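Written below as structure tokens is the structure these notes are about.
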Amino acid sequence: MPDETTPFGEFPHRVVDPKPEGLTRVASVNVNGIRAAHRKGMGEWLASRDVDILALQEVRADESIVTKLIGEMTEPTGVAWHIHEEEAAQKGRAGVAIVSRTEPTEVRSGIGDGHPEDQGRWVEADFTLGDGSTLTVVSVYVHSGEVGSVKQEHKMRFLEYMRHHLPQLARTKDHVLVVGDLNVGHTELDIKNWKGNVKNSGFLPEERAYFDGYFGDEGGYVDVARTLAGPVEGPYTWWSYRGKAFDNDTGWRIDYQMATPALAEMAEKSAVDRALDYSLRWSDHAPLVVDYRLP
């Protein structure tokens, strides 16, 4: 928090938000390269946030590097955290991970039956809850896309994979929580300049239609942050590094926590940890943090 010695205090990356007793805190963030995020202050944020399960996207590092950096960032907790990570086949691209205080009972990599061209974009971890039920957490990174390019073809194919796999998870698991950078703003409330982006990847009608399905009767999932925030603009989770997007809060809400209905009912509070100042950003995304009262 700010103090009198510097404009942003001695610990500018910390967030003061004590976790109430009995709640489980789940955070998700696209780190835009874990090495850079670590260097810019991610560890200070993590040390202050009392997170139980952390989902990462665009890790862009192999397992040894992720293990080393997560170890350094979680050292103040005095606990050896558990890491399930999958890097992309192409170095320096994508990569997702789930980091947790509790050891998962089972982990999986890849979406559905496995699609090797989308390696490093989907990992799952199962956790046993107090009542014996299972919580399945997914960390996902959807392609950024570009209209008229192969990248957009990959993105649309991945969204289709999700259309089939999400209901299957919901049918076969007790509770499912899908978190990550999905690279699509679902509604006009999710992008500040939505009128200027209706023909751009990230707000195309055909992309948004998939989200209608995910959050409709077909998919059956609940957009947790939107449900808790209500029908307000944002809160945004990504701002371009270009121009004055961050300073003017011209952002996109493209990071989600999607929960099966019974789990969504357990969500009590949602927050976006937006940096205090442009110069203090350790990623172009801000963490999305939700507290759940799990059984």
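The values are calculated or read from the model by the stated rules, or taken from the named source; none is laboratory data. Computed from a predicted structure; not experimentally measured. A quick note on method: Cβ atoms are made from the backbone with ideal geometry, for glycine too, and the neighbour counts reach across all protein chains shown.
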- Filter result (farther than 21 Å from Ser139 by Cβ and of a type in the set (Ser, Thr, Tyr)) within segment 238-289: Ser240, Tyr241, Thr250, Tyr278, Ser279
- Only one of these conditions is not met by Val59: (1) closer than 22 Å to Glu268 by Cα; (2) β-branched (Val, Ile, Thr); (3) surrounded by 24 or more Cβ atoms within 10 Å (Cβ to Cβ). Which number is it? (1)
- Query: Does Gly251 qualify as being more than 20 Å from Val29 (Cβ to Cβ) and not aliphatic (A, V, I, L, M)?
  - Reply: no
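Taking the stated definitions as given, is Ser279 hydroxyl-bearing (Ser, Thr, Tyr), surrounded by 20 or more Cβ atoms within 10 Å (Cβ to Cβ) and closer than 27 Å to Lys40 by Cβ?
On the way: hydroxyl-bearing (Ser, Thr, Tyr): yes; surrounded by 20 or more Cβ atoms within 10 Å (Cβ to Cβ): no; closer than 27 Å to Lys40 by Cβ: yes.
When the stated conditions are applied, Ser279 does not pass them.
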- Item | Subset of segment 49-63 [assigned to a helix (DSSP H, G or I) and either of a type in the set (A, V, I, L, M) or at pLDDT 95 or above (or both)] | Arg49
- Message: Looking only at strands (runs of 3 or more DSSP E) that lie completely in segment 67-160, which have at least 3 residues being among the hydroxyl-bearing types (Ser, Thr, Tyr) and either surrounded by 14 or more Cβ atoms within 10 Å (Cβ to Cβ) or in contact (Cβ under 8 Å) with a residue 60 or more places away in the chain (or both)?
- Response: 134-141
- Selected residue (only one of Lys68, Lys40 is at pLDDT 95 or above and within 23 Å of Leu288 (Cβ to Cβ)): Lys40
- Quick one: what pairs do we get from segment 13-32, first residue touching a residue at least 12 places away in the same chain (Cβ under 8 Å), second β-branched (Val, Ile, Thr) and in a strand (DSSP E or B), C-beta under 7 Å, 6+ apart or different chains? Arg25/Val289; Val26/Ile53; Val26/Val179; Val26/Val290; Ala27/Val289; Ser28/Val179
- For segment 161-179, the count of residues that are surrounded by fewer than 19 Cβ atoms within 10 Å (Cβ to Cβ) and not in a helix (DSSP H, G or I) equals 2
- Note on the structure: Picking from Thr128, Thr136, the residue that is under 30 Å from Asp62 (Cβ atoms), touching a Ser or Thr at 6+ places or on another chain (Cβ under 6 Å) and of a type in the set (S, T, N, Q) would be Thr128
- Message: I'd like to know if segment 272-293 contains one or more residues that are more than 26 Å from Pro20 (Cβ to Cβ) and without any contact (Cβ under 8 Å) to a residue 40 or more places away in the chain.
- Response: yes
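So, in segment 17-48, of the ones that are at negative phi and among the small types (Gly, Ala, Ser), which residue ends up surrounded by the fewest Cβ atoms within 10 Å (Cβ to Cβ)? First the steps, then the outcome.
Of segment 17-48, the ones at negative phi are 17-21, 23-31, 34-40, 42-48.
Imposing the further condition that a residue be among the small types (Gly, Ala, Ser) reduces the set to 27-28, 36-37, 43, 47-48.
Working: Ala27: 24, Ser28: 28, Ala36: 13, Ala37: 26, Gly43: 20, Ala47: 17, Ser48: 17.
The qualifying residue surrounded by the fewest Cβ atoms within 10 Å (Cβ to Cβ) is Ala36.
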- Item | Where a residue in segment 231-252 is more than 18 Å from Val198 (Cα to Cα) and its partner, wherever it lies, is among the β-branched types (Val, Ile, Thr) and buried (at least 22 other Cβ atoms within 10 Å of the Cβ), with Cβ under 7 Å and at least six apart | Thr237/Ile254
- Task: Find the residue count for segment 180-194, including only residues that are out of contact with any helix residue (DSSP H, G or I) (no Cβ under 9 Å at 6 or more places or on another chain) and either crowded, with 22+ Cβ neighbours inside 10 Å or outside any loop (DSSP other than H, G, I, E, B) (or both).
- Result: 2
